[in-house]
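These notes are about the structure you will find just below.
The values are calculated or read from the model by the stated rules, or taken from the named source; none is laboratory data. These numbers were taken from a predicted model, which means no experiment stands behind them. Cβ placement follows ideal geometry from the backbone for every residue including glycine, while neighbour counts extend to all protein chains displayed.
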Amino acid sequence: MSLSTAEAACVYAALILHDDGVEITAEKINSLIGAAGVDVEPIWASLFAKALAGKDVGDFLFNVGSAGPAAPAAGGAAAGGAAAPAEAKKEEKKEEKEESDDDMGFGLFD
């Protein structure tokens, strides 16, 4: 059996258990996989059960493709927090400086 088939069998078994509102354990994953007639080494069920222990599988399902938690900005604040206005002010100052460079005492049509 290929690695991807074993992983898929464990994922489907975990999803079935979650859908039924049953705690996800290695024994229950192995039971479902055995009932499906799929041959998977027991270590895979154990790994999946440990990885999902204490996790909300529903959150995984509803947050597929969404961004993870925001990384702290250079100033230590979370993205979108206090660091964002400071960055905006820096950009405004930079733009003002660029605009002031245009006024050097003479113009294009002088």
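The conditions are (1) loosely packed, with under 11 Cβ neighbours inside 10 Å; (2) over 17 Å from residue 53 (Cβ atoms), and residue 8 fails exactly one of them. Which is it?
(1)
For segment 12-35, which residues satisfy the criterion of being of a type in the set (A, V, I, L, M) and loosely packed, with under 13 Cβ neighbours inside 10 Å?
22, 35
Is it the case that some residue within segment 83-101 is modelled with pLDDT of 60 or more, of a type in the set (Ser, Thr, Tyr) and on the phi < 0 side of the Ramachandran plot?
Checked segment 83-101: no residue is modelled with pLDDT of 60 or more, of a type in the set (Ser, Thr, Tyr) and on the phi < 0 side of the Ramachandran plot.
With (1) closer than 30 Å to residue 5 by Cα; (2) modelled with pLDDT under 70; (3) surrounded by 11 or more Cβ atoms within 10 Å (Cβ to Cβ) as the list, and residue 75 as the residue in question, which single condition is left unmet?
So residue 75 meets the others, but not (1).
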